[in-house]
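Participant: Please see the structure below; I have some questions.
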């Protein structure tokens, strides 16, 4: 074989190998780019046959979170073009969505889900902050901690007094008073730590909590005459409870029933169903009484934890209400649902911003009173803006006159307030049964 023929043979072999390799690579590439659902070749980000997206949703969790955060907080994203009109331009987003101009804005359901998640996560902290004084008294654990801290302070004062070079008689008198105070608060601590479910401990704990509240007021200044009389009456009631002279041992503070004996029954239910209902109400009353008289923290967490689920059920019902009230508007149910989603998203974000401004006002009150007052005015203005916004939104979406819009707005507001009340009651019952 000549050199020329040998060279041609080698070139042909190399070309064959390159073609074979290219075919293998192309085959592999075709396998990768086949639709995972119908297995047909893909020519873009979506399958032309079944419509499934080419990009897999099975990714690392943190990758998904980072994409979500980027979509929400990036100023180049749809979120940055959505939040401003959501807060300050009533019905703008809704009308844009109805007109088909949707690509520039966050979809209503995604917008609602994100805002509601943030709102309900932060709600329990704002509720705790707004009702701090009430929770300190209702929360048994917090009260016990406060009593323990006070006992430590008294013991420190007693130790310092014993080491001070004061007059012996005066020092002994002060030491005796501190000893009596320590013994009294030790007794309060024992009462608060007693088992709620045993005997008349429920009433003892209740009286002790009220007494400790007044005791801490006495530490700051002398009680007024009416408060001192109340304090003395509480002491007498507590002594009666401990001695067994009181007749409140089996008394229930909370009862749920429609009969004179405190039971609940309905004529249209069978005896078996009424027995089950009565057993449920008795259990609910017992748990509710314990939750309200001891530690309210778990109850608040339970109730707030149930609200997102209940609100998600309430949304389509609110859309039904809009459908009924605007039945001649010729709008589809999904359009009413879009109004409901945008309305609730606005309410949540407005309340959230108002609570944040209230919190900021509290921090600024001591250092910058003028700025704090300005912040408080903005927070109050946001709450006033809520009904005004919803009224304007209803008028611009359904395009009716001011009079008919106002009448329907009042009716919808009344009915929806009743729906919210029922939702809150269900959340409370659900929360109590979960504690």
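Participant: Consider residue 394 carefully, then state whether it is closer than 21 Å to residue 93 by Cβ and assigned to a helix (DSSP H, G or I).
Facilitator: Spelling it out, residue 394 is indeed closer than 21 Å to residue 93 by Cβ and assigned to a helix (DSSP H, G or I).
Participant: Another question, if that's okay. Among the residues of segment 178-194, is there at least one that is surrounded by 13 or more Cβ atoms within 10 Å (Cβ to Cβ), at pLDDT below 80, assigned to a helix (DSSP H, G or I) and under 31 Å from the mean Cα position of the chain (by Cα)?
Facilitator: yes
Participant: Spot the failing condition for residue 363; the list is (1) under 15 Å from the mean Cα position of the chain (by Cα); (2) loosely packed, with under 15 Cβ neighbours inside 10 Å, and only one is missed.
Facilitator: It is condition (1) that residue 363 fails.
Participant: Name, by its number, the condition in (1) farther than 30 Å from residue 396 by Cα; (2) at pLDDT below 80; (3) loosely packed, with under 10 Cβ neighbours inside 10 Å that does not hold for residue 66.
Facilitator: (3)
Participant: OK, next. Regarding segment 312-330, can at least one residue be identified that is modelled with pLDDT under 80 and assigned to a loop (DSSP other than H, G, I, E, B)?
Facilitator: No; the residues of segment 312-330 include none that is modelled with pLDDT under 80 and assigned to a loop (DSSP other than H, G, I, E, B).
Participant: Out of everything in segment 75-94 that is in contact with a helix residue (DSSP H, G or I) (Cβ under 8 Å, 6 or more places away or on another chain), at negative phi and in a loop (DSSP other than H, G, I, E, B), what residue ends up being modelled with the lowest pLDDT?
Facilitator: Applying the filter and picking the extreme gives 77.
Participant: Mind telling me which of the residues 391, 348 ends up being modelled with pLDDT of 95 or more and surrounded by 17 or more Cβ atoms within 10 Å (Cβ to Cβ)?
Facilitator: Residue meeting the stated conditions: 391.
Participant: Only one of these conditions is not met by residue 386: (1) surrounded by 14 or more Cβ atoms within 10 Å (Cβ to Cβ); (2) touching a helix residue (DSSP H, G or I) at 6+ places or on another chain (Cβ under 8 Å); (3) touching a residue at least 60 places away in the same chain (Cβ under 8 Å). Which number is it?
Facilitator: Failed condition: (3).
Participant: Starting from segment 224-240, take each residue that is farther than 17 Å from residue 188 by Cβ and assigned by TED's automatic domain parsing to the domain that holds residue 188 and list its partners that are modelled with pLDDT of 80 or more and surrounded by 11 or more Cβ atoms within 10 Å (Cβ to Cβ), counting only C-beta distances under 9 angstrom and pairs at least six apart or across chains.
Facilitator: Hits for this filter: 227/214; 228/214.
Participant: Picking from 348, 374, which residue would you name as being more than 19 Å from residue 123 (Cβ to Cβ) and assigned to a helix (DSSP H, G or I)?
Facilitator: 374
Participant: Checking the condition modelled with pLDDT under 90 and closer than 28 Å to residue 112 by Cβ, which residue from 413, 431, 380 passes?
Facilitator: After applying the criteria, what remains is 431.
Participant: Right, next: Could you check segment 266-310 and list, in sequence order, the residues that are in contact with a helix residue (DSSP H, G or I) (Cβ under 7 Å, 6 or more places away or on another chain) and modelled with pLDDT of 80 or more?
Facilitator: Within segment 266-310, 306, 307, 308, 310 meet the criteria.
The values are calculated or read from the model by the stated rules, or taken from the named source; none is laboratory data. Values in this document were obtained by computation on a predicted structure and should not be read as measured data. Note: ideal-geometry Cβ built from the backbone for every residue, glycine included; neighbour counts use all protein chains shown.
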